[in-house]
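> Handing you a structure now.
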Amino acid sequence: MNRSTRRPGAASALTTSLRATSAAFALVVALLPLGRAQDSRLANLAIRAEAVSGEPLIVGFSVGAGEEKTVLIRAVGPTLGSFGVSRPLADPRVQLFAAGGRVVGENDQYASADAAVFAQVGAFALPAGSKDAAIVARLGPGGYTAHVTGAVGTSGTVLVEVYEVGATATRLTNLSARARVGTGDAILIPGLVLSPGTNSRRLLVRAVGPGLEPFGVTGLLADPKLELFQGGRRIAENDNWGTPSGAYAATADALRVAFQQSGAFALPTGSRDAALSTLLPPGGYTVQVSGTLGGTGEALVEVYDLTGVSLGPVPEVAKEASAALRAQIDALVAPEIDPTGAGGKVVGAVVGIIGPDVRTVRGYGVTALDSRTTPAGDTLFEIGSNTKPMTGLILADRVVKGHMRLDDPVSRFLPSAALPTAPGASLQLVHLATHTGGLADFPDNLVGTPPNPAAGYTRALMFDYLGRTTLRTRPGSAIAYSNLGFGLLGIALQDAAAMASYDVLFAEHLGDPLGMKDTRVSVPTSSAARSARGSRQGRAVVPSQIDTLEASGALRSTGADMLAFIAANLAPPATLADAVALSQTVQFDLGGRKMALGFSVETRNGRTYFSKGGGTPGFTSHVRFTTSPPAGVVVLTNTGQSDAAERLAEAILETVIARTVQP
């Protein structure tokens, strides 16, 4: 379903509310068709704010086409006092209007019969006879607004809640709330609940202060800060959307696309408004909006459901680089190539480039020391540790589909294995995917001989080592590269998915969906003639062999397939959009190093880069991309112990970006 056509009611209602009222806040919720009944969903949206005398709080929502929907709306004032809230609104009143201003419901003291509905949706109970207000209404398709006021001349804190009653084919998908942000207890605290289901949901959350000026709002919060909590744990934050900072911060260009896809109004370039996008499993969350340095003023907080949305186009088919760009790339690559490998230079390489107006693979040198054939887009190379980001994406795919959680202990999927532990901390899947598990780089009982020490390694040997080793650091406390960790992750993924091999696991999750038909551990006989042959210091090197630890670095691939992988990271298909978002999320920021699931993440001049290098005895590879603008480069070489791939990937990507962002 095209999301750009699904939200006009909500977006329109929000814009109208911003322009037409000086109310303390405006809350907009959309109830729209649900794709799968078993999906998790936004089941409850709430906002606690200060109600000001003479200014009604306005809540707007729409019911999508289809069957009628039962909705519960509550305005809780007096009962907030029992939760320690000072100055609650003493006597709230709620009126519900249909389009055209027709009153379809009103209440200023909830009916005792509605207590059963409160229990059904999981809302906290209200004392018998309290002056809190509630409406339970069965509504047909269309737009509605609820106005919440207090008794004449009264002000105070009120909690406004919107619940769906019964999981039918409509859902709550977005919330917007405008309120005055104070300090201490008067900061803005919206809440939301993702009901249980089989998948996580990707949300866009914004805190807008300066961006409200075009709507005529005065007294704005000059520099809002946005924090997302689950329970008492802060899981995401952002300050200043145009400059990525804090966990889960997205680049400005990525957020602009998200704004467009969600129907949210644009934010001015360089504004101090805050925004983040994040993937959340079912559960309850709160959003806290405050002013930096104790600032106060009017702010708008918004939550949009972007589950399944692909952000930003890149070419899906080959599109040759311009002559000028080809000349620039050739000039960068040529000095690194020598078909004899003299002086440690690269014998042969392919360079894959993808950007808004280009998708191509160029070959240089030869496929082997004794060959005269120039490598091409379908030439097979060992990619070494560039297997790891693919393993990370497989993990993310299984997480968003509800089969796993990142914080699952590894022992859940390998119950018969004795795994190392640390006091008070378990070894989790996320630790394996980010080099934060405290495991050694390699086990000490490899049985192969150089250059392939992992040849012949078995599960029994790996579990023997794990059963007697100790963790070098507490899981999650430090980043220390571990091929063993990724190898163990691959075993856990294979067993959890009941897959016979890493090749089967890869094909199921990435190879088939992305058309990466040549990417695999075991090269079939029919493809062997397309394989480059490795070298090091001008000497031929035997092919790499990694057993049991395949998920850490055993894949072979081509320039064309690697571009498909980068393209999926820049503009993922709907079936992988949420997995890609999760795989690119920074999980740990330790000692100045940021780790996503297999990728290193760095920020330069406001642009976020994802990168990964790989090496086997006879090959090197490097992948590097950014989402702003969407562009990436892969360099594959048949030369080991060379840093040329990394240098070239960085230089070529900057060349592509420079041409893309030229005025």
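The values are calculated or read from the model by the stated rules, or taken from the named source; none is laboratory data. Bear in mind that the values here come from a model prediction, so they are computed numbers and not experimental data. As a convention, Cβ positions derive from the backbone with ideal geometry for all residues, glycine included, and neighbour counts pool all protein chains shown. Surface areas here come from the heavy atoms of the whole protein model, side chains and all, with no ligands, DNA or RNA. Shrake-Rupley method; radii C 1.70, N 1.55, O 1.52, S 1.80 Å.
> I need to check one value: relative contact order of the range 537-663, counting alpha carbon pairs closer than 8 Å and at least 6 residues apart, in percent.
Taking the mean separation of contacting Cα pairs over the length of the range 537-663, I get 18 percent.
> Further question on the same structure: Might you tell me the accessible area per residue for the range 521-663, computed with a 1.4 Å probe and given in Å²?
Ligands and nucleic acids excluded, the figure is 35 Å² per residue.
> I would also like to ask the following. Give the lysines reachable from LYS388 as a straight Cα distance under 16 Å; neighbours fewer than 8 places away on the same chain don't count.
By straight Cα distance, LYS388 reaches LYS594, LYS612.
> What percent of all Cα-Cα pairs in the range 411-556 falls in each 10 Å bin, counting up from 0?
The distribution over the range 411-556 is 11, 37, 34, 16, 3, 0, given as percents.
> Going toward the positive end of the dipole of the range 503-584, with +1 on Lys and Arg Cβ and -1 on Asp and Glu Cβ, which of MET562, LEU505, ALA574 do you reach last?
The residue sitting farthest along the positive end of the dipole is MET562.
> Over the residues of the range 254-390, compute the C-alpha Rg and express it relative to 2.2 N^0.38 Å.
1.65
> Considering only protein heavy atoms and a 1.4 Å probe, what is the carbon-and-sulfur percentage of the accessible area of the range 89-151?
53
> Can you compute the modelled spin-label distance between THR296 and THR218, with each label point 7 Å from Cα toward Cβ, in nm?
1.7
> What FRET efficiency would be calculated for the residue pair ALA334, ALA540, taking the C-beta separation as r and a Förster radius of 25 Å, to the nearest 0.05?
0.60
> Separate question: Testing the spin-label approximation: label points 7 Å from Cα along Cα→Cβ at ARG326 and SER86. State their distance in nm.
7.2
> Given a Förster distance of 25 Å, report the FRET efficiency between SER130 and SER155 from their Cβ-Cβ distance, rounded to the nearest 0.05.
0.85
> How large a share of the accessible area of the range 502-563, in percent, is made up of carbon and sulfur atoms when the probe is 1.4 Å and the other protein chains stay in place?
It is 47 percent, rounded to a whole number.
> Under 5 Å between amide H atoms, partner at least 5 residues away or on a different chain: which partners does VAL59 have, H built in plane at 1.01 Å?
So VAL59 has HN proximity to LEU27, ALA146, HIS147, VAL148.
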